[in-house]
Amino acid sequence: MIDLGQYSVLAALVLALIAAGLGVAAYRTRREDLLLSTRHAVMAAAFFTSLACLGIIYAFVVGDYQMEYIWGNSDRDMPLFYRLGALWGGQSGSILFWGWLLAMYSTGVAIRHRKDDLRLMAPAYVTLMTVLAFFLAIVNFASNPFRRGAFVQPDGVGLNPLLQHPAMVIHPPCLYMGLIGFTVPFAIAVGALVSGQLGNEWMKKARFWALVAWLFLGVGNILGGMWAYQELGWGGYWAWDPVENAAFMPWLAATAFVHSVMIQERKQMLRIWNMVLILVTFNLTVFGTFITRSGMISSVHSFAQSAVGYWFAGFLIVSAAFSIVMIAIRAKDLRSQHHLDSFFSRESTFLLNNLILLGGAFAVLWGTVSPMVIEGIRGVRISLGPPFFNQIMVPVGLALLLLMGVGPLVPWRRANWASMRRTFLIPTVLGIVAVAILYFMGVAHAYALVTFSFCAFVLWTIISEFHRGIRARRSSSGENPIKALGQLFVKGQRRYGGYIIHLGVVVIFIGFAGAAFNKQAETTLKPGETWNFRDYQLTYRGLRVENTPSVESVAADVLLEENQQPQAILLPRKDWYRKNKQLASEVAIHSTLGSDLYVILASFEDATEEASLKLYWNPLVSWYWIGGIVMVIGGILVLLPLNRRRTPIGA
């Protein structure tokens with residue numbers, strides 16, 4: 001299996017280079033047969049990359065511990081579910097997995113765009129295969145998961161306990177599919193820059209792949225928050241960790257792109273801006289990969305320091321320089337044909353939305369890299385934690401939330417004051433009423449009040465847009481409301497799918513607002529003692545000890561009651577993993593739509609069975625997860641081929 005894997009990744013590298021060379025030849029000679037050969041070489045590279053991944057998976061399943069990677073990331077007692085996920089649990093396996101995902105994306109491009117213009121697609125294939133060759137070169141020469149150990153081990157040391165969670169088997173693939181997925185719109189953009197085909201055609205092709213990557217990256221970020229919330233034992237789901245930021249920055253830039261392309265398609269504006277956005281998005285993914293794998297930052301998400309960081313640093317420099325040079329060469333050709341007619345127009349709201357998104361991305365970038373820069377210059381390590389990021393990003397988020405409500409209410413080209421007063425009257429009043437009601441109910445936190453007010457504003461906008469659409473269909477075709485609603489998604493799926501995404505964002509912001517009211521407390525209890533926390537009564541009933549060949553678990557048995565009514569038995573615990581000698585905490589969470597009670601076993605005494613518990617009361621957390629599901633549904637609706645007829649974005 002080792003030899004098969006070694007030969008497969010080497011063959012994949014050779015085929016990726018051959019495909020890149022064939023793409024160059026096809027572009028220079030304008031020969032369609034060479035382009036066909038390029039596509040075949042792309043698929044062949046994908047086949048051998050798949051074969052290498054299957055080899056790793058097979059080795060995990062059968063426990064082939066002569067391979068260092070298998071020995072270091074699995075053991076015989078680990079469930080098959082986690083052994084399959086261990087493919088991306090370490091540095092070398094995850095890089096191979098990245099390469100496989102890119103090979104699959106490239107195959108998708110070869111199939112979807114098999115009839116497209118050679119002048120655009122040949123440079124795109126060259127770009128895709130160059131990036132794939134880079135990943136495969138790392139696997140072959142710098143971080144090889146097929147490397148043999150000095151001798152065959154009887155058993156492995158097991159996967160990092162923090163990674164043995166269902167979300168971590170799903171979260172990394174989604175995150176990687178998002179991050180590596182942006183290579184495709186980047187490649188198409190490069191094809192447009194090289195060929196000079198800078199109209200709308202490249203953008204329409206890139207838009208689909210950008211939406212796919214954006215959706216996967218969003219899902220990956222949400223699942224990452226779920227993993228952090230349930231596994232890290234600190235009571236939250238987003239800590240502005242550098243690796244979290246590395247995945248968040250390209251998502252912000254891509255969000256700006258998928259909005260900005262609407263203006264290019266409708267108004268032939270922001271052409272250079274859209275090109276810059278997609279190039280920036282790709283380079284941010286490379287930067288995030290660099291800081292994650294260089295060992296420069298300390299994070300539970302990052303990999304150990306290795307020579308791989310230098311590879312990514314070099315690749316980032318080349319990629320950024322190439323992007324800048326190509327934009328400079330084509331700047332004159334990318335000039336927009338039209339300009340803004342008025343500040344009070346939908347075009348202006350989109351542009352302002354883009355500026356805020358990109359500004360937020362670069363604020364996060366600065367907060368992430370500045371400690372490294374300062375340490376390099378002054379030799380002093382500093383840390384910029386949540387207070388720094390929240391101070392900047394909370395206003396950014398609220399501004400974006402408000403613009404989600406404002407944008408659909410403002411007409412294209414130009415608005416007049418009279419129409420704007422009529423349009424904004426009801427949602428503005430609704431937002432003010434929401435603030436007044438919440439204030440008299442005792443909600444006094446300023447940011448929370450503003451958030452709930454803006455959520456009411458945006459929610460009214462979304463509902464009114466659906467109401468207008470349904471009413472228009474009923475008046476024109478006589479459809480019943482349910483059929484009219486369905487036809488809205490068929491005829492205008494991008495527009496109304498986008499509104500569902502916005503609805504998900506509103507729900508997520510409701511979850512964010514709940515964090516303003518978080519409470520926490522600590523207590524130490526003996527068996528039989530009861531402690532009151534808010535409306536809850538927690539009765540500690542002693543320790544539970546459980547032993548398996550791999551793990552020794554000690555759990556605190558806690559009966560949870562609310563207003564004297566039994567609710568649940570909570571078992572926060574500590575697990576000692578014998579094989580890799582690591583201690584991990586597992587929290588217990590009692591979750592409702594209104595709030596979560598989050599319980600951690602901080603420490604315990606064997607002799608007396610005393611247990612120290614740390615508790616968090618987190619209101620509205622469930623709304624964050626629900627909002628994420630709604631966003632995913634909206635994204636799928638946008639991407640589904642409900643209407644084969646090509647319609648402009650936002651139509």
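Data overview
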| quantity | calculated |
| --- | --- |
| Extreme residue, farthest from A515 (Cα to Cα), among residues of region 360-388 that are among the polar types (S, T, N, Q) and at pLDDT 80 or above | S370 |
| Any hit, region 215-231, residues being under 30 Å from F388 (Cα atoms), free of Cβ contacts under 8 Å to residues at least 24 places away in the same chain and in contact with a Phe, Trp or Tyr (Cβ under 9 Å, 6 or more places away or on another chain) | yes |
| Single condition I629 does not satisfy, out of (1) of a type in the set (A, V, I, L, M); (2) assigned to a strand (DSSP E or B); (3) touching a residue at least 12 places away in the same chain (Cβ under 8 Å) | (2) |
| Residue that is farthest from G85 (Cα to Cα) [pool: residues in region 136-189 that are polar (S, T, N, Q) and assigned to a helix (DSSP H, G or I)] | T183 |
| Criterion: surrounded by fewer than 17 Cβ atoms within 10 Å (Cβ to Cβ) and touching a residue at least 24 places away in the same chain (Cβ under 8 Å) - qualifying residue of L4, L15, L35 | L4 |
| The one condition in (1) in contact (Cβ under 8 Å) with a residue 12 or more places away in the chain; (2) assigned to a strand (DSSP E or B) that F512 fails to fulfil | (2) |
| Any pair with Cβ under 8 angstrom, 6 or more apart, that starts in region 259-273 at a residue that is of a type in the set (F, W, Y) and ends at one that is modelled with pLDDT of 85 or more | W273/S260; W273/N354 |
| Residues of region 588-608 satisfying the condition of being crowded, with 18+ Cβ neighbours inside 10 Å and within 16 Å of E552 (Cα to Cα) | L601, F604 |
| Selection status of E586, of a type in the set (D, E) and within 30 Å of F512 (Cβ to Cβ) | yes |
| Residue within region 13-27 that is among the hydrophobic types (A, V, I, L, M, F, W, C) and within 24 Å of G149 (Cβ to Cβ) present | yes |
| Members of region 74-128 that are outside any helix (DSSP H, G or I), touching a Phe, Trp or Tyr at 6+ places or on another chain (Cβ under 8 Å) and surrounded by fewer than 23 Cβ atoms within 10 Å (Cβ to Cβ) | G90 |
| Qualifying residue in region 200-208 (condition: among the aromatic types (F, W, Y), assigned to a helix (DSSP H, G or I) and surrounded by fewer than 21 Cβ atoms within 10 Å (Cβ to Cβ)) | yes |
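The values are calculated or read from the model by the stated rules, or taken from the named source; none is laboratory data. Model, not experiment: these values are computed from the prediction. We place every Cβ from the backbone using ideal geometry, glycine too, and count neighbours over all the protein chains shown.
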